[in-house]
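Asker: Right, I'll just put the structure down here and ask away after.
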Amino acid sequence: MNVNNSFTIKHALAFNAFFVLNYIAWFTGLQSIAPVIFTGLLIYFCYFAVESFKLKHTLPFLVILYLGLLSLGTVATSWDARSIWLFHAKRIFIDNSIFAQLDDYAIWSHNDYPVIAPLLSASFAKLIGFWNEIFPKASNVFFILPPLLIFYGHINNNRLFTLMVIGIFYIIAKLLLNGYMDGILALYALSTLIIAKYYFYDKQNVGLLFILQSIVLVNIKIEGFFIFAVIIASIFLTKPHITYANLKRYIICLVPIIFWALWKFIVHAHGVVNYIYGGLATNNLISLLDHVKSRFQPDSLLMIFEHTLLFKYYLLLALPLLFYRKIVNVQLDQIIKASLLFFALYWLFLFTVYVLTPHDLYWHLKGSATRTTLPLQLISLWIPILILKNYLSHKG
Amino acid sequence: MVIITSKLNVMLKKNLVVNFSLVLLFILSSLKFYQSYDYVFLQSFQLDGGNEIAMYPEVIEIHHMIKNFQLKDYKLDGDLLNGLPMQRIVEFTYPIQLNSSSPFLFLSKTIENNDTVLLPSGCKLVEEGLRVSLYECK
């Protein structure tokens with residue numbers, strides 16, 4: 001990584017390791033050590049704070065501290081936060097089991113959703129000893145740290161990193177703090193893409209970070225798995241040379257997939273059904289084709305385009321064109337190409353989801369498109385910052 | 001020497017403008033957080049911290065009655081059984097669960113939603129709150 005030391009890799013790796021360790025502890029029935037893991041996380045955070053000041057890399061720490069304090073001053077009131085993520089965390093904490101919600105009580109709560117973030121809230125509650133409406137969701141702020149560290153390491157410029165943070169605050173805004181997972185998922189999507197670049201293109205020794213980062217990504221939300229697939233496709237398609245050494249690197253991708261598949265298998269074994277797949281499963285092939293045909297009508301297509309392509313932050317992508325004369329010599333490196341390809345492929349994925357949704361199209365788009373397109377909006381911020389970074393280093 | 005000093009001055013001014021702009025942008029971008037800030041930091045580690053802000057008053061009332069009468073389960077009808085109120089009650093009162101065959105019934109008794117007309121025969125009033133009433137039905 002082109003940060004001047006191993007600071008970002010080390011700490012991003014350690015924080016991701018705590019999240020995965022916490023997940024494994026709950027999954028294997030060792031939930032009694034969950035408070036110990038959370039205490040370890042807090043102690044490590046203090047160590048990270050000290051090292052941030054010592055090595056003068058304070059920005060990521062200060063941003064997280066700021067978000068943490070804000071999160072502790074805010075109550076969870078939004079629907080997804082209360083009815084899905086925090087309710088799962090509360091059930092896991094009270095029932096002392098990662099599988100608490102798989103009895104499918106409160107069916108509206110999307111009981112099949114992955115639980116890596118609720119598990120950290122549950123561990124926090126176990127450490128404190130009770131549940132309330134404020135502190136459990138503050139543990140989500142820790143999930144923002146590894147992506148921030150990866151951005152910090154890649155940008156390697158305090159001003160550009162601050163600009164990136166400002167952009168994140170504008171784009172993701174309160175979704176960073178209100179207990180939703182979409183903001184964290186978008187941050188993980190982009191940061192995993194960056195780590196994948198270092199792992200697959202530059203052959204750097206970041207395999208463990210890539211695996212841990214990907215395990216968290218696929219376990220944040222259902223979309224996480226598809227985002228992971230899109231990242232791998234973007235990386236592969238921008239450098240499709242398969243050698244034996246390369247193949248070994250691609251095989252590592254199986255590890256996060258195993259984690260994802262294991263959760264899917266357990267959900268399936270409990271008979272809990274996802275509401276989108278559930279809706280599709282009731283259709284036979286002919287009615288499914290009819291359904292898809294109806295979605296290819298101009299009205300429906302226009303509605304999908306309007307809700308997934310008309311975001312003001314996409315305009316940021318056009319920003320470099322204004323300075324075309326100045327950046328004409330700046331190289332479009334592989335990460336920019338991969339980011340652009342990710343943008344196209346992930347949009348195609350979203351388009352497919354909205355074409356297939358068994359729900360009322362307008363209702364589904366209105367309720368979710370602003371959040372599901374967050375990775376795209378974030379990439380629209382990321383690409384101009386990368387071009388600016390390349391321009392500055394080109395200028396010398 | 002004069003040229004170097006003036007160049008240095010220009011550079012310092014440029015740096016100052018850039019840094020000031022970044023700080024200003026940072027403050028402006030943070031405003032979005034304060035729109036939904038609840039000023040509950042001091043309650044964040046209290047047992048009932050945030051309840052009043054997070055919950056409808058009727059949900060808190062139901063929660064208190066469940067605790068006072070040590071109910072094992074409960075059922076709802078009328079307005080309380082509608083989407084959002086029902087979801088909030090189920091989430092907040094967990095681990096006590098909603099059970100349609102429970103003898104304990106909560107009904108809304110506000111002016112806007114007075115559901116006491118839905119009361120089945122054979123139910124006796126256990127407690128009357130400000131917004132909800134608890135009945136025990138055979």
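The values are calculated or read from the model by the stated rules, or taken from the named source; none is laboratory data. Since the structure is predicted, the reported quantities are computational estimates derived from the model, not experimental observations. Positions of Cβ are backbone-derived with ideal geometry, glycine not excepted, and every protein chain shown enters the neighbour counts. The area values use the complete protein model at the heavy-atom level, side chains included, leaving out ligands, DNA and RNA. Shrake-Rupley method; radii C 1.70, N 1.55, O 1.52, S 1.80 Å.
Asker: Given the whole protein assembly as supplied and a 1.4 Å probe, what does the accessible area of B:Glu58 come to in Å², nearest 10?
Answerer: Here the residue's solvent-accessible area equals roughly 40 Å².
Asker: Now, a different point. On a 1.4 Å probe surface of the protein chains, which of B:Val2, A:Val230, A:Val255 comes out largest in accessible area, and what is the full order?
Answerer: The residues order as B:Val2, A:Val255, A:Val230, largest area first.
Asker: For the stretch A:1-113, report the convex hull volume of the alpha-carbon atoms normalised per residue, in Å³, without decimals.
Answerer: So the per-residue hull volume is 135 Å³.
Asker: Sticking with this one: Please calculate how many Å² of accessible area the protein assembly as shown carries per residue, with a 1.4 Å probe and no DNA, RNA or ligand atoms counted.
Answerer: I get 45 Å² per residue for the protein assembly as shown.
Asker: In addition: Mind listing the phi-derived Karplus ³J(HN,Hα) values for the stretch B:36-43, rounded to whole Hz, using 6.51, -1.76 and 1.60 with θ = phi - 60°, and x for any glycine or proline?
Answerer: 10, 6, 9, 6, 10, 3, 6, 8
Asker: Which of the pairs B:Lys75/B:Lys124; A:Lys174/A:Lys264; A:Lys312/A:Lys366 have their Cα atoms more than 20 Å apart in this structure?
Answerer: Listed pairs above 20 Å: A:Lys174/A:Lys264.
Asker: Past the 21 angstrom mark, what percentage of all C-alpha to C-alpha distances in the stretch A:50-193 do you count?
Answerer: When every Cα pair of the stretch A:50-193 is considered, 45 percent fall beyond 21 Å.
Asker: Put simply, what bits of the stretch B:16-35 lose 50 Å² or more of accessible area when the other protein chains are there, versus the chain on its own (1.4 Å probe)?
Answerer: Listed by number, the residues meeting the 50 Å² cut-off are B:Leu22, B:Phe26, B:Ser29, B:Lys32, B:Phe33.
Asker: Under 20 Å between alpha carbons, and skipping anything fewer than 8 positions from A:Lys10 in its own chain: which lysines qualify?
Answerer: Filter leaves A:Lys54, A:Lys56, A:Lys197, A:Lys203.
Asker: Could you give the distance between the Cα centres of the stretch A:78-124 and the stretch B:1-79, to the whole Å?
Answerer: If we compute the Cα centre of each part, the gap is 23 Å.
Asker: Next question, about the same structure. Tell me the trypsin sites (Lys or Arg not before Pro) within the stretch A:1-85 that lie in a loop according to DSSP and have at most 13 other beta-carbon atoms within 10 Å.
Answerer: Here the sparse-neighbourhood loop sites are A:Lys56.
Asker: Checking a compactness column here: for the stretch A:128-218, what do you get for Rg(Cα) / (2.2 N^0.38 Å), N being the number of residues?
Answerer: 1.20
Asker: When chain A is treated as a GNM, springs tying every alpha-carbon pair under 10 Å, which of A:Arg159, A:Arg371, A:Arg295 comes out with the largest mean-square fluctuation?
Answerer: A:Arg159
Asker: Could I ask something else about it? What dipole magnitude, in Debye to the nearest 20, does chain A give about its Cα centre under +1 on Lys/Arg Cβ and -1 on Asp/Glu Cβ?
Answerer: The dipole magnitude comes to about 1260 debye.
Asker: For the stretch A:215-266, what class follows from the C-alpha gyration tensor (a ≥ b ≥ c being the square roots of its eigenvalues): rounded when a/c is under 1.5, otherwise prolate if a/b is larger than b/c, else oblate?
Answerer: Taking the square roots of the gyration eigenvalues as a ≥ b ≥ c, the stretch A:215-266 is oblate.
Asker: Hey, if we sort A:His57, A:His394 by accessible area with the 1.4 Å probe, largest down, what's the order?
Answerer: Putting A:His57, A:His394 in descending order of accessible area: A:His394, A:His57.
Asker: Would you mind giving the three semi-axes, in whole Å and largest first, of the ellipsoid equivalent to chain B according to its Cα gyration tensor?
Answerer: 59, 14, 11
Asker: At a Förster distance of 22 Å, what's the computed FRET efficiency of A:Thr352 paired with A:His268, Cβ-Cβ distance as r, to 0.05?
Answerer: Here the calculated transfer efficiency is 0.50.
Asker: Highest GNM mean-square fluctuation, chain B, Cα pairs closer than 10 Å: which of B:Val23, B:Val126, B:Val90?
Answerer: So, out of B:Val23, B:Val126, B:Val90, the one fluctuating most is B:Val23.
Asker: Still on this structure, I have one more. How much accessible surface does A:Leu348 have with a 1.4 Å probe, in Å² rounded to 10?
Answerer: Near enough 90 Å² of accessible area.
Asker: Principal axes first, then extents: for the Cα atoms of the stretch A:329-396, list largest minus smallest coordinate on each axis, whole Å, largest first.
Answerer: Dimensions of the stretch A:329-396 along the principal axes of its Cα atoms: 54, 17, 12 Å.
Asker: Calculate, for A:Leu127 and A:Ser300, the FRET efficiency according to 1/(1 + (r/R0)^6) with r their C-beta to C-beta distance and R0 30 Å; round to the nearest 0.05.
Answerer: 0.05
Asker: How many square angstrom of accessible surface are buried between A and B, both sides summed, with a 1.4 Å probe and rounding to 100?
Answerer: The buried area between A and B, both sides summed, comes to about 3700 Å².
Asker: What does the charge count near B:Asp115 come to, summing +1 for each Lys or Arg and -1 for each Asp or Glu among other residues with Cβ under 10 Å from its Cβ?
Answerer: That sum, taken over residues with Cβ under 10 Å, equals -1.
Asker: Using Cα pairs closer than 8 Å and at least 6 residues apart in sequence, work out the relative contact order for chain A, in percent.
Answerer: Result for chain A is 19 percent.
Asker: Same structure, new question: Does anything in the stretch A:104-120 have its amide N under 18 Å from the 7 Å Cα→Cβ label point of A:Leu288, and if so which residues?
Answerer: Output list for this probe position: empty.
Asker: Which of A:Thr39, A:Thr28, A:Thr162 moves most in a GNM of chain A, Cα contacts under 10 Å?
Answerer: A:Thr28
Asker: For q values of 0.21 Å⁻¹, compute log₁₀ I(q)/I(0) with the Debye formula on a Cα-only model of the stretch A:186-228, without solvent.
Answerer: Here log10 of I(q) over I(0) equals -0.58.
Asker: Then there's this: Please list A:208-214, A:247-253, A:301-307 highest first by mean number of surrounding beta-carbon atoms within 10 Å per residue.
Answerer: Descending mean neighbour count gives A:208-214, A:301-307, A:247-253.
Asker: A further question follows. Over all alpha-carbon pairs in chain A, figure out the percentage whose distance exceeds 35 Å.
Answerer: In whole percent, the long-distance tail amounts to 25.
Asker: Moving to a separate point now. Over chain B, with every protein chain in place, what whole percent of the accessible area is carbon and sulfur at 1.4 Å, could you tell me?
Answerer: Whole-percent figure for carbon plus sulfur exposure: 62.
Asker: Which number do you get for Rg(Cα) / (2.2 N^0.38 Å) in the stretch A:29-68?
Answerer: It is 1.44.
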